[in-house]
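Engineer: Please read through the structure below; I'll follow up with questions.
The values are calculated or read from the model by the stated rules, or taken from the named source; none is laboratory data. Just so it is clear, the model here is predicted, and its values are computed rather than measured. All Cβ positions, even for glycine, are placed from backbone atoms using ideal geometry, and neighbour counts span all protein chains on display.
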Amino acid sequence: MATHSKSLSLQILTIFFIFLCYYKSSMCLTLETQALIEFKKQLIDPLNYLESWKVSDSVSGSGTDPDSDSPCHFYGITCDRKTGLVTEISLDNKSLSGVISPAISVLRNLTSLVLPSNLISGILPSELNKCINLRVLNVSNNYMNGSIPELSKLKNLEVLDLSDNEFSGAFPSWVGNLTGLVSLGLGDNDYDEGEIPENIGKLKSLFWLYLANSNLRGEIPENIFELEALGTLDMCKNKISGNFPTSISKLKNLWKIELYNNNLSGEIPSTLANLTLLQEFDISQNQMYGTIPREIGDLKKLTVFQLFKNNFSGEIPAAFGEMRNLIGFSVYGNSFTGEFPQNLGRFSPLNSIDISENKFSGAFPKYLCQNGNLQMLLALENNFSGVFPDTYAECNPLLRFRINKNQLEGTILDGVWALPNVQVMDFSDNYFTGGISPSIGPSLQLNELILSNNRFSGELPKELGKLTQLERIYLDKNNFSGKIPSEIGGLKQISSLHLEENELTGSIPLELADCTRLVDLDLASNFLSGNIPSSFSKMTSLNSLNLSRNRLTGSIPRNFDKLKLSAVDLSNNHLSGSVPPYFLTVAGNKALLGNEGLCIDDNESSTKFINSGLSFCDGKTGHKNFIKSKLVIFCLILLALAVVLGGLLLVSYRNFKQSEAKMEKQLGDEKGIHSNWKIESFQQVEFDADEICDLDEDNLIGSGSTGKVYRIDLKKGCGTVAVKQLWRGNSVKLMAAEMEILGKIRHRNILKLYACLMKGGSNFLVFEYMANGNLFEALHREIKVGRAELDWYQRYRIALGAAKGIAYLHHDCSPAIIHRDIKSTNILLDEDYEAKIADFGVAKVADQVSPRGSEMSCFAGTHGYIAPEMAYTLKITEKSDAYSFGVVLLELVTGRRPIEEDYGDGKDIVYWVSTHLDDRESVLKVLDHKVVSELVQDDMIKVLKIATLCTAKLPNLRPGMREVVKMLIDAEPCTFRSPDNFGKNDKTFL
């Protein structure tokens with residue numbers, strides 16, 4: 001009753017306002033102004049686009065100028081010239097957030113409400129039904145949620161676009177009542193699974209239909225193919241099934257068909273060729289089969305043709321070579337055979353082509369870049385043969401160039417090597433001969449050079465050192481000879497260098513040590529000689545080193561223990577001398593075999609390598625024979641003991657079996673677990689399950705939401721490890737997540753997972769031990785009162801190391817890994833304060849992260865580190881990690897916690913810092929007073945600037961982690977410390 005009375009009162013009030021508007025225009029203007037001010041109040045406008053939306057003094061009641069009350073001067077507002085009433089609101093892509101106020105319903109003359117590409121959340125107000133003159137309603141590309149209210153009363157609507165939000169509930173079938181619609185966009189939302197409403201077939205004026213990613217299933221209703229005005233049909237990324245609709249050929253005005261990523265089957269009907277206006281056709285990622293009808297080649301207006309990842313076969317119709325407008329052509333992941341149309345691209349402005357993973361044979365098509373527009377050329381994994389055409393030597397726009405895994409031969413022309421814009425050049429797994437031309441020098445944009453497994457020969461040109469953007473070089477399994485050019489040391493961005501299985505000679509260039517970002521170096525199976533450069537210890541990012549099967553001499557540099565290698569192989573060389581202790585643990589004996597001159601020190605930590613084939617470095621002749629004789633005597637003693645023990649065991653067999661049965665029963669009753677441990681190892685470390693699982697509370701070093709962490713000193717001198725005992729319940733899922741990720745990746749700034757142990761309901765993870773705990777603890781520890789444990793130089797190294805670890809997850813793992821819980825307690829520090837990213841229990845592989853927030857398994861993150869967009873969406877991107885890392889940088893710079901009472905209610909460190917950026921004096925107050933000095937304050941400010949970029953409110957304004965690493969390197973402090981003192985707190989300034 002109360003609700004009815006309230007509704008009646010609202011109706012009376014509205015009629016009263018309309019009555020006033022009819023007789024007194026200025027009163028109506030004031031009402032509309034107030035409604036827009038209320039609309040503004042519900043929005044957050046970080047860029048101040050709505051600054052002009054202000055109420056003048058006259059609005060309060062005594063003004064004489066009606067125009068001063070008018071909202072027509074408001075930014076984004078359009079008014080009717082005669083009445084002065086608001087007709088349009090247009091605020092496209094203005095970074096607005098907040099919600100849409102129901103007050104907008106007062107604007108009865110509103111014909112257009114356009115708010116796309118913002119950050120608006122909340123529900124769509126049902127009061128919009130009162131704006132009966134509305135013709136355009138566009139709130140696409142926001143974060144609006146809840147069910148879409150029925151808007152059937154908006155009979156004048158011509159454009160309705162609610163796509164790319166987070167609307168849920170039932171698919172709005174009532175749209176079939178809006179018969180005046182010309183454009184309808186409902187796609188990219190989180191509706192309940194359902195079928196396509198048949199009443200959409202009543203929208204006879206419809207030209208644009210966008211229902212992509214709407215959780216739709218079943219077949220496309222037949223009456224949709226009676227929408228004769230339809231120009232765009234987009235129902236991609238659904239679960240639409242059945243055969244490809246032959247009735248689609250009735251839609252004579254269709255110019256765009258997007259049905260990719262569904263469950264469609266059947267063949268392409270030849271009647272599709274009747275759609276003579278068709279320009280874009282994409283049915284990729286379905287289950288379709290058969291051949292491409294010859295008639296499709298007659299679609300002369302075709303610009304985009306894509307049907308990758310289906311089961312098509314046969315040949316591509318030759319008529320495709322005669323097309324004049326083709327821009328994009330992608331058919332990869334099928335079973336096409338025969339020769340590819342030789343003229344394709346000859347008469348069209350082809351920009352992108354991907355014909356990979358098929359069975360095309362014969363000569364490689366020569367005219368794909370005939371008109372000088374080609375940027376993407378991907379033809380890997382086919383059976384093309386013969387000489388590669390020389391027509392591509394002038395294809396200057398080319399960016400990605402991959403023709404690997406074919407049977408191509410001959411030499412590569414100088415012009416191809418010199419392509420100025422190419423970023424990826426992959427000719428691997430062919431039969432190419434000749435050398436890399438010195439003409440490669442102008443390819444300054446080259447990022448990846450992959451020539452593996454060919455017959456290339458000759459010397460490597462020194463011009464490779466000019467390609468400063470190179471990050472990956474794979475020249476392995478060829479016949480390259482001569483010396484490795486020292487100029488390669490100039491490649492400051494390179495992360496992977498593979499030259500294995502060639503005929504390279506000479507020594508390893510000392511300049512390689514200047515490649516400070518190198519992660520993976522493989523020079524195995526060549527004829528390299530000389531010593532291993534001790535300067536390699538400067539390559540602090542090096543994660544994997546393989547110098548095996550060469551002719552290297554000398555000793556293993558003692559300073560290699562500063563490298564944090566996950567994989568190393570120095571086998572089958574001529575190395576000699578003592579093996580550094582670090583290699584005994586990391587390398588293992590297999591990585592050192594075939595070096596007869598190597599030996600190990602005779603101490604307790606080396607006993608586990610007694611059977612490695614390496615001798616002890618005691619300098620005594622006959623040492624090996626002495627050990628062998630001791631072993632023989634020991635074996636004889638063991639044999640005698642075995643005879644005695646055998647008799648004893650025989651006597652006590654029955655008692656033994658009885659005790660065993662009793663013990664099994666007791667263990668089963670007390671623990672409810674199985675008797676055998678299941679162990680899965682990921683790194684080389686020797687331990688017994690019993691010593692791992694025999695945990696002493698005195699060794700407890702931490703406890704969290706997933707379990708307790710203990711320090712364990714392994715027996716046999718095998719070092720110290722950290723063991724996480726997971727809580728029961730969700731522990732198996734968390735352990736599986738960490739195993740899935742940490743078990744595969746290797747990086748010096750990612751915590752090493754050695755093994756996992758499972759036994760019934762008990763689960764243990766064995767990690768490398770971090771002597772200095774986590775970053776949060778270290779930041780707030782003091783050596784003495786007023787002196788922080790971490791000085792600025794150490795904090796900078798920690799920031800850079802952590803950034804490299806996260807960048808590796810985002811950019812070097814395939815697919816990328818999103819951590820989702822970056823924080824200072826998840827950044828651990830070893831004995832040298834080297835940063836290690838830890839705790840991957842809630843991490844996600846990027847291609848497993850659903851674009852639909854409702855499908856996320858859980859809300860991850862920690863208060864104070866969570867990116868602001870997580871308040872209105874669960875869509876996860878790498879930029880969420882970037883924000884969290886930005887908060888960690890703020891901790892390092894300020895020495896403060898993410899959440900403190902001083903910041904104010906509901907405020908955090910990001911807000912607090914943002915209030916201190918107006919002038920240098922305020923900025924200096926932000927810097928941690930325990931470490932700041934005149935010598936480092938500018939360096940700290942540089943990192944503060946990076947932190948503010950990372951914590952930008954809008955995800956698209958944040959840098960990627962690879963860019964963050966580059967910025968941090970540029971912000972290196974103007975201090976110097978001896979590499980031997982990295983773990984200490986005293987500094988020396990140049």
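Engineer: Against the condition surrounded by fewer than 23 Cβ atoms within 10 Å (Cβ to Cβ), under 21 Å from M539 (Cβ atoms) and either at pLDDT below 90 or aromatic (F, W, Y) (or both), how does E831 come out, does it pass? Give the steps one after another, and end with the answer.
Structural biologist: On the way: surrounded by fewer than 23 Cβ atoms within 10 Å (Cβ to Cβ): yes; under 21 Å from M539 (Cβ atoms): yes; either at pLDDT below 90 or aromatic (F, W, Y) (or both): yes.
In short, yes.
Engineer: Restricting attention to segment 112-127, and to residues there that are surrounded by fewer than 20 Cβ atoms within 10 Å (Cβ to Cβ) and polar (S, T, N, Q), which single residue is nearest to L162 (Cα to Cα)?
Structural biologist: So, considering only residues that are surrounded by fewer than 20 Cβ atoms within 10 Å (Cβ to Cβ) and polar (S, T, N, Q), the one nearest to L162 (Cα to Cα) is S117.
Engineer: Can you tell me which of (1) touching a helix residue (DSSP H, G or I) at 6+ places or on another chain (Cβ under 6 Å); (2) assigned to a strand (DSSP E or B) is the one L233 doesn't meet?
Structural biologist: Unmet for L233, out of (1) touching a helix residue (DSSP H, G or I) at 6+ places or on another chain (Cβ under 6 Å); (2) assigned to a strand (DSSP E or B): (1).
Engineer: Would you confirm whether any residue within segment 472-491 is surrounded by fewer than 17 Cβ atoms within 10 Å (Cβ to Cβ) and under 30 Å from L751 (Cα atoms)?
Structural biologist: Within segment 472-491 (the criterion being surrounded by fewer than 17 Cβ atoms within 10 Å (Cβ to Cβ) and under 30 Å from L751 (Cα atoms)), the answer is no, since none of the residues qualifies.
Engineer: Would you mention how many residues in segment 530-565 are out of contact with any Pro (no Cβ under 9 Å at 6 or more places or on another chain) and buried (at least 21 other Cβ atoms within 10 Å of the Cβ)?
Structural biologist: Counting residues in segment 530-565 that are out of contact with any Pro (no Cβ under 9 Å at 6 or more places or on another chain) and buried (at least 21 other Cβ atoms within 10 Å of the Cβ) gives 11.
Engineer: Shifting gears a bit: Does E357 satisfy being within 22 Å of L451 (Cα to Cα), among the acidic types (D, E), more than 35 Å from the chain's Cα centre (by Cα) and not in a helix (DSSP H, G or I)?
Structural biologist: no
Engineer: Identify all residues within segment 106-127 that are within 21 Å of N189 (Cβ to Cβ), touching a Lys or Arg at 6+ places or on another chain (Cβ under 9 Å) and at pLDDT below 95; write none if there are none.
Structural biologist: Across segment 106-127, the qualifying residues are S117, N118, L119.
Engineer: Quick one: Q287 ticks every box in (1) surrounded by 16 or more Cβ atoms within 10 Å (Cβ to Cβ); (2) under 18 Å from N358 (Cβ atoms); (3) within 33 Å of the chain's Cα centre (by Cα) bar one, so which box is it?
Structural biologist: (1)
Engineer: Of the residues P293, P317, P341, only one is over 35 Å from the mean Cα position of the chain (by Cα) and either crowded, with 20+ Cβ neighbours inside 10 Å or of a type in the set (A, V, I, L, M, F, W, C) (or both); which? Break it down into steps so the answer makes sense when it comes.
Structural biologist: Numbers: P293 fails: either crowded, with 20+ Cβ neighbours inside 10 Å or of a type in the set (A, V, I, L, M, F, W, C) (or both); P317 fails: either crowded, with 20+ Cβ neighbours inside 10 Å or of a type in the set (A, V, I, L, M, F, W, C) (or both).
Exactly one residue qualifies, and that residue is P341.
Engineer: Going by the conditions given, is E228 out of contact with any helix residue (DSSP H, G or I) (no Cβ under 7 Å at 6 or more places or on another chain) and modelled with pLDDT under 95?
Structural biologist: Numbers: out of contact with any helix residue (DSSP H, G or I) (no Cβ under 7 Å at 6 or more places or on another chain): yes; modelled with pLDDT under 95: yes.
It is true that E228 is out of contact with any helix residue (DSSP H, G or I) (no Cβ under 7 Å at 6 or more places or on another chain) and modelled with pLDDT under 95.
Engineer: Output the residues belonging to segment 138-158 that are crowded, with 18+ Cβ neighbours inside 10 Å and in a strand (DSSP E or B).
Structural biologist: N138, N145
Engineer: Identify all residues within segment 391-448 that are part of a helix (DSSP H, G or I) and of a type outside the set (S, T, Y); write none if there are none. If you could, list the steps in order and put the result at the bottom.
Structural biologist: Residues of segment 391-448 part of a helix (DSSP H, G or I): 391-394, 414-417, 438-440.
Passing the criteria: A393, E394, D414, G415, V416, W417, P438, I440.
Engineer: Which one is modelled with the highest pLDDT, of the residues in segment 162-184 that are assigned to a strand (DSSP E or B) and surrounded by fewer than 21 Cβ atoms within 10 Å (Cβ to Cβ)? I'd like the intermediate steps shown before the answer.
Structural biologist: Pass one, segment 162-184, residues assigned to a strand (DSSP E or B): 166-169, 183-184.
In the following step, the residues that additionally are surrounded by fewer than 21 Cβ atoms within 10 Å (Cβ to Cβ) were identified as 166, 168-169, 183.
Values: E166: 90, S168: 93, G169: 94, S183: 97.
The selected residue is S183.
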